[in-house]
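The values are calculated or read from the model by the stated rules, or taken from the named source; none is laboratory data. Nothing here was measured: the structure is a model prediction, and the numbers come from that model. All Cβ positions, glycine included, derive from the backbone under ideal geometry; neighbour counts span all protein chains shown. Ligands, DNA and RNA are stripped out before the accessible areas are found, and what is left, the full protein with its side chains, is counted by its heavy atoms. Shrake-Rupley method; radii C 1.70, N 1.55, O 1.52, S 1.80 Å.
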Amino acid sequence: MDNVVRAVDVGFGNTKFVTGVSGSEIRCGVIPSIAYPSARDPATLPAAERRRTIAIPVNGLFYEVGPEVELASDNLCGTHLHDRYTETPEYMALLRGALALMKVPAIDLLVVGLPVGHFMAKKAALERAMVGSHDIGGGRSVQVRKAFAVAQPQGALLYYAATHGRMGTIAHEQSLIIDPGARTFDWLVARGMRLVLKTSDSVSRGVSDILRVIAKDIGTEIGIPYTDFDAIDRALRSGKSPMVYQKPFDIARLMPVAHSHAQRAVGAMLERIPADYSFQNIVLVGGGAFLYRKAVREAFPRHRIHEVREPIFANVRGFQLAGMNFMRSATAETAASGGDAAASGGGEAA
């Protein structure tokens with residue numbers, strides 16, 4: 001029986017996860033990284049009030065997560081944008097929500113990710129928290145037998161190399177992976193597939209900061225605080241103006257503010273990485289890539305900036321590839337050890 005390998009990337013903005021693998025196709029799902037707590041199971045609500053969400057029990061509360069979680073919203077934020085995010089019940093609810101949507105009873109290896117700046121400090125604790133039985137509600141659970149965590153952009157590097165036929169050549173090259181997320185702007189310097197920690201890092205200058213800056217300018221113009229960050233995000237991605245007081249608000253004139261923020265994030269990275277001529281590959285990934293593309297190109301005018309299809313899933317697909325490679329290697333080593341033992345007369349009878 002094949003080992004079950006799955007990957008989850010619980011980001012500050014979205015939770016991405018692998019639902020299955022067929023040949024070279026890695027199928028993914030995504031839900032907002034929002035978890036709303038309730039003292040009672042939302043499944044007990046009248047049918048007319050139900051939505052496409054899952055109620056995940058964590059620490060005596062039910063956390064509602066899923067595609068329609070915004071229908072459960074109130075005036076309180078359902079997520080956390082801080083350095084201890086992985087230790088919150090909301091993080092665990094999102095992780096377990098992703099496990100529930102994978103629809104498998106047990107996972108032999110679960111691969112999860114961390115921002116570069118938190119990787120070494122939080123890796124061991126996160127791996128321990130992932131292993132064991134996870135209650136996903138409704139009397140069901142998912143058993144995770146083994147877990148390992150990787151730096152989020154490391155997954156993107158592996159995915160880029162695999163999809164571009166670069167696995168052989170990239171092993172001898174230096175690469176820069178740039179991953180703008182909801183809260184953090186991450187970058188990873190790698191020699192081959194190995195992370196160079198001293199020059200890889202994160203800064204808190206992600207997409208959420210751009211949304212706040214734009215919201216502040218909108219609020220200044222309309223005369224009251226404006227906090228519909230989701231409307232701004234949709235407008236930036238679609239190119240359509242958000243509606244404010246029943247009228248389209250021209251957000252295009254605020255784009256220089258967004259670009260200035262992106263430039264500052266890229267500038268913080270430039271202060272800490274090696275000279276740009278040393279990079280053979282510069283890859284831009286992440287759900288916020290479109291907001292930082294211009295600033296990245298300005299910073300590296302003599303390089304070709306590589307991107308991947310569906311950049312929001314680049315990390316989690318790379319996690320999946322890393323997990324499958326790990327399990328293949330472990331299986332091969334076990335088989336080789338068994339063969340050696342049998343050859344020496346030390347093997348057990350079948």
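Quick rundown of the values:
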read-out: Residue check for A121: part of a helix (DSSP H, G or I) and free of Cβ contacts under 8 Å to residues at least 40 places away in the same chain; value: yes
read-out: Condition broken by V69, with the remaining ones in (1) at pLDDT 95 or above; (2) under 24 Å from T184 (Cβ atoms) satisfied; value: (1)
read-out: Some residue of the stretch 86-97 being at pLDDT below 95, open to solvent by less than 10 Å² (accessible area, probe 1.4 Å) and in contact with a Leu (Cβ under 8 Å, 6 or more places away or on another chain); value: no
read-out: Of residues in the stretch 287-330 being in a loop (DSSP other than H, G, I, E, B) and in contact with a helix residue (DSSP H, G or I) (Cβ under 9 Å, 6 or more places away or on another chain), the one most open to solvent (accessible area, probe 1.4 Å); value: R302
read-out: Out of A121, A129, sole residue that is at negative phi, open to solvent by 10 Å² or more (accessible area, probe 1.4 Å), at pLDDT 95 or above and more than 14 Å from the chain's Cα centre (by Cα); value: A129
read-out: Qualifying position, being touching a His at 6+ places or on another chain (Cβ under 6 Å), open to solvent by less than 50 Å² (accessible area, probe 1.4 Å) and among the aliphatic types (A, V, I, L, M), among V150, V142, V104; value: V142
read-out: Matching residues in the stretch 241-265 - criterion: being in contact (Cβ under 8 Å) with a residue 40 or more places away in the chain and under 28 Å from D9 (Cβ atoms); value: A258, H261, A262, R264, A265
read-out: Selection count where residues are under 23 Å from G137 (Cα atoms), under 11 Å from the mean Cα position of the chain (by Cα) and of a type outside the set (S, T, Y), scope the stretch 13-30; value: 4
read-out: Test: L109 is touching a residue at least 40 places away in the same chain (Cβ under 8 Å), open to solvent by 10 Å² or more (accessible area, probe 1.4 Å) and either over 30 Å from G66 (Cβ atoms) or among the hydrophobic types (A, V, I, L, M, F, W, C) (or both); value: no
read-out: Test: residue in the stretch 14-33 that is of a type outside the set (S, T, Y), closer than 30 Å to D209 by Cβ, at pLDDT below 90 and open to solvent by less than 70 Å² (accessible area, probe 1.4 Å); value: no
read-out: Filtered residues of the stretch 156-181 (kept if more than 17 Å from the chain's Cα centre (by Cα) and open to solvent by less than 10 Å² (accessible area, probe 1.4 Å)); value: A161, I170, S175, L176
read-out: Search result, residues across the stretch 130-144 that are free of Cβ contacts under 8 Å to residues at least 60 places away in the same chain and closer than 12 Å to V104 by Cβ; value: H134, R140, S141, V142, Q143, V144
read-out: Single match in E221, E271 (criterion: closer than 21 Å to F119 by Cα and free of Cβ contacts under 8 Å to residues at least 60 places away in the same chain); value: E271
